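Trainee: Here you go, one structure.
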Amino acid sequence: MPPKSAAPTAKEASPLRVVQAAIQARQFAPVYYLHGDDDYLKDAAIRDLLQAAIDPSTRDFNLEQRRGGDLDAEAVASLLTTPPMLAERRAVVLRDVTGLKKAPRAQLDKYLQRPANDTLLLLVSPAGTKADSALADASVSLDFAPLTPERVRKWIAHHAGTALQVDIADDAAQLLQQAVGNDLHLLAAELDKCASYVLGAHEAAGTASEGTRALIDVDAVSAVVGVRRGETVTDLLDAVARHDANTAVNLVGHVLGQPKVTAVQVVMMLATQAFALRFGRARRDAGIPTPRLPQEYFAFLKETGGYPGRPWGEAASAWTKATDSWSADACERALTLLLEADMALKDTRVSNEEQLLTSLVLALCATRARRAA
């Protein structure tokens, strides 16, 4: 079998870096296996690889995109043995590759023993599918795991600057992530709207010809997404953490009115926070000093993989400030309340999520009084 690629392997670098290195060097492995739970990143990698590797003028002749479940052995053999037409290379994208039946899979396995150098074969497994170890061993294996919240923040700035040709302020990226979450499909859609908004304003102001790029600021995010600073789910989490019932209750309606935010999601984030505070309280009771808590919380998130609704570093900092106002009993009470709320929200007879969430945050904020009693 020929060398996979001159670029770094997936074990040496992130999948995105492996793809970019191959594109920059114009040296492509004959076979890539794209798997993992982030379909957005997989699709972006496929698009970038095809754009770089296949001549646009012959793309209609030299690109095949098929699904594994639709192919028999003869079709697989034909796909993999057809030479490029009037070009250096052709490409085959085989989606849902683990859906291949026994005979067509045998054809694929046979091909992988000696893949053609003039064919770029992209094997793709959808999110939620276990990686196929045999395919991974016979290819450059790219595991597209969901980005951590910290990396999502960096991705926002990168996508705005490269794909949309605009800049985005740090506080605007923070607000956008707080409002939309970490779903890259949703973030890309909202960023596209924000870019159109500021580019229109840039042109109207006559500054587009001055060589400066348009900037997505907090005001643009607020205007497009419909969320203001101080009214995000993160602000609600912080209000509950500091037992500020008045602020928390006033935020419930704003948070539930934001796109793609549900009461169940808010309860899940509150539960992550309650578990974290219980962990932090235990560490403090064990003698860990407060300045060490951010490291402890970061390790907790890394081990549990919980979703705190924001980058881990920001969550660790916020929880550190709140830990000493929570007792072990208060944390246990909060977890009980959250379990009851989760069960109630999943009861189809519940019709008013805002009322239920309001009652929940009031009860959570009252845990300080329960502890002091």
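The values are calculated or read from the model by the stated rules, or taken from the named source; none is laboratory data. The structure displayed is predicted, hence computed values, not measured ones. Note: ideal-geometry Cβ built from the backbone for every residue, glycine included; neighbour counts use all protein chains shown. Only protein heavy atoms, including side chains, enter the accessible area calculation; ligands, DNA and RNA are left aside. Shrake-Rupley method; radii C 1.70, N 1.55, O 1.52, S 1.80 Å.
Trainee: When a/c reaches 1.5 or more, the comparison of a/b and b/c decides; with that in mind, is the range 15-55 rounded, prolate or oblate per its Cα gyration tensor?
Mentor: Judged from the Cα gyration tensor, the range 15-55 comes out prolate (a/c at least 1.5, a/b above b/c).
Trainee: Next question, about the same structure. Run lengths n ≥ 4 of DSSP H only: what is the helix-derived mean residue ellipticity at 222 nm for the chain, with -39500 (n - 2.57) per run over all residues, to the nearest 500?
Mentor: When only DSSP H runs of four or more count, the value is -18000 deg cm²/dmol.
Trainee: What do you get for the angle between helix 328-345 and the principal long axis of the chain? Use alpha-carbon atoms, 0 to 90 degrees, nearest ten.
Mentor: It works out to around 60 degrees.
Trainee: Quickly work out the H158-to-A145 label distance, labels modelled 7 Å from Cα along the C-beta direction, and quote it in nm with one decimal.
Mentor: Taking the simple label geometry, A145 and H158 are separated by 1.6 nm.
Trainee: Would you calculate the volume per residue, in Å³, of the smallest convex hull containing every Cα atom of the range 101-185?
Mentor: Residue-normalised Cα hull volume stands at 140 Å³.
Trainee: On the Cα set of the chain, report Rg and Dmax in Å, please.
Mentor: Here Rg and the maximum Cα pair distance are 25.1, 82 Å.
Trainee: Looking at the range 213-262, which trypsin sites (Lys or Arg not before Pro) are in a loop (DSSP not H, G, I, E or B) and have at most 13 other Cβ atoms within 10 Å?
Mentor: Passing both the DSSP loop test and the Cβ count: K260.
Trainee: Can you quote the Å³ per residue value for the convex hull of the Cα atoms in the range 82-225, rounded to an integer?
Mentor: 164 Å³
Trainee: In Å², what does the accessible area per residue of the range 187-286 work out to with a 1.4 Å probe?
Mentor: That works out to 45 Å² per residue.
Trainee: Debye calculation, C-alpha points only, no solvent: report log10 I(q)/I(0) for the range 1-132 at q = 0.09, 0.10, 0.16 Å⁻¹, in the same order as the q values.
Mentor: Once normalised to I(0) and log-transformed, intensities are -0.24, -0.30, -0.80.
Trainee: Something else now. Taking only protein heavy atoms and a 1.4 Å probe, what accessible area per residue, in Å², does the range 8-93 have with all protein chains in place?
Mentor: Using a 1.4 Å probe on heavy atoms only, each residue of the range 8-93 averages 52 Å².
Trainee: Write out the trypsin sites (Lys or Arg not before Pro) in the range 66-132 meeting two conditions: DSSP loop, and at most 10 other Cβ atoms within 10 Å of their Cβ.
Mentor: K130
Trainee: I want the antiparallel fraction of DSSP beta bridges within the chain, as a percent rounded to 5.
Mentor: Details: 0 of 21 bridges.
Percentage antiparallel, nearest 5: 0.
Trainee: Also, I was wondering about something else. Loop sites only, by DSSP: take the GluC sites (Glu not before Pro) in the chain that have at most 13 other C-beta atoms within 10 Å and name the longest stretch containing none of them.
Mentor: That would be 89-373.
Trainee: Further question: Return the subset of K130/K302; K110/K130; K42/K346; K101/K130; K102/K302; K42/K154 for which the Cα-Cα distance in this structure is over 28 Å, preserving the input order. List each step's numbers first, then the result.
Mentor: Values: K130/K302 21 Å; K110/K130 22 Å; K42/K346 32 Å; K101/K130 16 Å; K102/K302 39 Å; K42/K154 18 Å.
In this structure, K42/K346; K102/K302 exceed 28 Å between Cα atoms.
Trainee: Within the accessible area of the chain, what % is carbon and sulfur when the probe is 1.4 Å and the other protein chains stay in place?
Mentor: The computed percentage sits at 51.
Trainee: Of all trypsin sites (Lys or Arg not before Pro) in the range 13-49, which ones are in loop regions per DSSP and have a Cβ with at most 13 other Cβ atoms within 10 Å?
Mentor: Loop-located and lightly packed - R26.
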